Structure formats: C-alpha cells, structure tokens
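Peer 1: Next up is a structure, given as structure tokens.
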Amino acid sequence: MVQTQDQQRVMNPASLPNLFPELLRLIFGYFCLHCCGGFREPYWVEPDDEAEQSASYLQGRQTLCTLSLVSRRFRDIAQDILHHEYLLGYTDLRHPEWYSWDGRLTAFMRTVASRRDLARLVRTVFIHPASVECIGLDEAWAALNHSSNALGFSLSETWEQRKSDPREHPGRSDYDFRQKFFLGQLDALDRHNRLRYNGVLPPELYAALIALLPNLDHLIFRNGVGYTDVPMTAMKALGITSLPLRTLEVGCTPNNLLAVAPDLEVLTYDDAGFLPQTSKLKSLRHRKVAINEHNFRRIASCAPVGLSSFVYEASRVQMASVDLSATSVVQPRVAVRQLARHRETLKSLHLDLRFRTRFHRDTTMEPMPSLGRFTALEELFIVTNSVYNNRSLGLPDDQTLVKLLPSSIVSLSIASPEFPPHHERVLKGLAGLAEHKRQHPERFPQLKWLRCDVKQVFEDNSVKDMLSEVGVDLEYQEFPRPDWSYKREPLALPVPATMGTLNPNELDPNMAMPLPDPEDEEL
C-alpha cells in the first residue's frame, strides 16, 4: 500500500522535512526580522544598538539562503520569505570588513527579472545609497538591459521612446551621456566621471526595479549619493502608468512618484518643499528637516482633508543665536493652529521639537494651546518645553496636561530637549493629571499609557502609583532618532538668552553657579 505524504508525516512527526508547509513557514519566518516584527517605521529610526540588529538581519538572510539549498521543498518556502521584502542596509552597517555591497542590488534585479513569480511576492523595498555607489557602467548596463528585456523592451527601444520627449531635450548636459549609454556605446563614455554617473544611472536603476515589481506597496529611499526623484521619462518608457504604492519614504519631494501613485496613504520625506495634492493620503511625516512657520503653513494646506496622522521631527537646526533658532522651527502653537482643519480626523500627532543648540530657546517658545477641539486624537508625542516654558507660567504646572489633552486621548509620550525645563514641573503635571482623572473619571476615559524619558520622574514610585490607581500605565522610554542618541555627549551649559527675561524659577536650585574669571578687569 502506497502511503501519502500526509500519512508519512503522521508516522514521522519528529522529522523536520516531514512537517506541514504551514509549520515550516513559521519556523523559517523566525530568521526574518520583518516577520518577527523587528522593524519599525520609518525603518531607519532604530535604537542605539542598530548595528547588532543589522548583523542579526543579515545572518537571518544567510540562513534562509542556506535553507533554500537543502531541498526543493525547503527552497520554495525559504525563497518566498526571502523575497517578500528587500531591506539590505536598512540601518547603517558598521562592519565593512565582513559585508560588501558589491552586486547586491543588481543581483536582486536579475532575480526578479528572471523569476516573475518571486517578483510578484515583493512588497517592500529599501534602497541604501551604498548599494548603487559600487555599481560600474558595465554592471548597470547589464542590469538595465536584463530588466528591460524581461519587460518586453530593449534598452535602445526605451531610448527611442524617450529621446523626443521635451524632458530629454538635447540641451541637457547629460543628454549625450544617456544616449550613448542606452545605445550600448559604453566605450565612448568617460568611466572616471563618477559625478556624471551618480547623477544619471541610479535613478534609471530605480525605475527599472520598480517596473519589475507589480505588487510593491512600500518603497523606501535613504538619502545619499545618486538619489533624486525617479525620472518620469524612464517610468513612461517602461510602461509605468500607475503604481500600487501605499507607503513612500524619501529624502526629497517625490513629485514624479506621487504622480503615478494615486493610492498612496503614508508619505515620509526629509524636505520642506511643496507637496502636490494626494487625495488618499492619511499619514504625513517630516523628518530631518527644519520647517519654519511659512513652510509649515504651506505643507499643512496641501494635506488632504481626512488626515489621520502627522509627524514632524525637527532637525538640521544649527543657528548661532537663540532667536534665529526659534524662527527656523515652527512653534507648537503655530503647528496646532495650522492642523486645526484636521481636528475631527487626526488620530496621531507627533511634534518632536528636539534639536541640538547651545542656546536656550525657552524665552521665545510659545506655549502649546489646548487640543480639546481635536476630538479624534488618540496618540500624542510632545517635548517637555512645548508645554513647560517661561510663557506658560500663568497656568499652574499641575493643570498644564489637564488643559492640554483632549478627552479622546489614549497614549501620551513626553520627551526632553537638549536643555529641558526643571523636572519638578513635569512631575507636578503628571500628578495633576492623575488627580484630575481620579476626581473626574469621565474626562479621559480612554487614557491608558504614558511614556516619558525624564529619569527623575522614576526616582520614586509616587507618581507612577497615582496614575496606576486610575488605570494609567506610566513607563520610562527613550525616543532615539538618527540624530538624537541617548549616548550623545551633552552640550555645554547654555548661556542666558540675549533677548527675553531669564526666569529664576527655571534654574536648578542644586546647580552650582559659575565663578567670575579672576583675570576680569572689572573685579
């Protein structure tokens, strides 16, 4: 009597090859950091141990590659897991001695061009600048030619479609370079002109890769050499009229990609440029950029009605004075005012106004207004000096959070800037919130979580216990960014601002005052 495979599995339950495909998929998924929930969005906002996580990710990829060589059955399952995303280099790899970028991107392009079944599995792609810096002219031409053939074109045919487009006008400085490259005349090109190469070919590779992936819904570019918006002429020549993208993370305003991504829901970009209207956009994130009031107003006006999430992380602020620093970053009051048109739909607001400066911004910081009219808001991230500053002294500290939060709030995260207000003000605010919720439980019925990086709050459990009694979990949590490590060297003590009045209540009573210079002529 011939036994079926299922009967053999029942008789040999301990044999790994005989396990059901569903179990094998769960086991193999253990070697995929993405399947284990190890990634966060945006992908490169990782904790300080990102190098260890990178190493773990790469080791898992190697294990899956090895499993795919064991048997056809293992191969089919391992390859499915390997190819549902391409995220090599999602953080800064710090081990160049054992990791090489050579051939990584072009090998992936050859695979998805030859195996259209695997191409259909790819949902997420992360492109690191190092993956294109090492590609030579011959390798780039071979990858583009192979990709074009898989799509039913030759490189020369794609150029024939493009050369008459006004956007490929012969007056462009790179026109001659592009023409010779696409026609295969590589010997006529200057192989030492890397500046010309880096400005032309990487975007062409991106266009070809995107065209090969029919189900790509999450695309991430890390800023670096070779990144510009994907050329519209390249996408048109490769037959791209619409992309299924739902999430896009880029370093500059991606006008061309937005034009062919009508269903985009999440956009993250490191730019303060003009944003085209996108009707289905639900989440808008700005990182690693200083946005002043004028640009913030313009960005907020472009966001479609119905926005549910807004993130702004201030960065790149390196001004020489407190007053210039303050005008380079939008004030919390202005941000809330400009987002008021989304008050009925906005569920998550993340205003991370931390940046490193040697000057104290407190004298020019305007207090954050009440969010009571934001009736859908559930998640809020703020910096302590957005609510505790010299301008907010008219309101008792124990009432600040009570006045700030809407009744719909579920989660509140509080982070400290480079030079935070005195921790006693934060303690009073948390204690006042707990007491108000105890006396008026109907005011914040959904509030469950408070996260804070002010260590002094956790020196004793008094405030934590007060919040626990009213059903709120208070925990210490750090909020790292690529430019904000909790292992950073602290800046020197800030000098008093030249404008505004320094409030003595803001000074730490335990802090030693500096002694005068004995060489001072006025002594």
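The values are calculated or read from the model by the stated rules, or taken from the named source; none is laboratory data. The model shown is predicted, which means the values in this text are computed figures rather than measured ones. Neighbour counts run over all protein chains shown; Cβ positions are idealised from the backbone, glycine included.
Peer 1: Taking Glu97 as the residue in question, decide whether it is over 23 Å from His218 (Cβ atoms), over 18 Å from the mean Cα position of the chain (by Cα), modelled with pLDDT under 60 and of a type in the set (Asp, Glu).
Peer 2: It is true that Glu97 is over 23 Å from His218 (Cβ atoms), over 18 Å from the mean Cα position of the chain (by Cα), modelled with pLDDT under 60 and of a type in the set (Asp, Glu).
Peer 1: Considering each residue of the stretch 46-75, count those that are surrounded by 13 or more Cβ atoms within 10 Å (Cβ to Cβ), modelled with pLDDT of 75 or more and more than 19 Å from Thr124 (Cα to Cα), and give that number.
Peer 2: Selection size over the stretch 46-75: 6.
Peer 1: Return only the number of the condition from (1) under 17 Å from Thr375 (Cβ atoms); (2) within 29 Å of the chain's Cα centre (by Cα) that Glu442 does not satisfy.
Peer 2: It fails just one condition, (2).
For every residue, the table says whether it meets (1) more than 20 Å from Trp484 (Cβ to Cβ); (2) surrounded by fewer than 17 Cβ atoms within 10 Å (Cβ to Cβ); (3) in contact with a strand residue (DSSP E or B) (Cβ under 6 Å, 6 or more places away or on another chain).
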site	(1), (2), (3)
Val402	yes, no, no
Leu405	yes, no, no
Ile414	no, no, yes
Leu427	yes, no, no
Leu430	yes, no, no
His436	yes, no, no
His440	yes, yes, no
Asp453	no, no, yes
Val463	yes, no, no
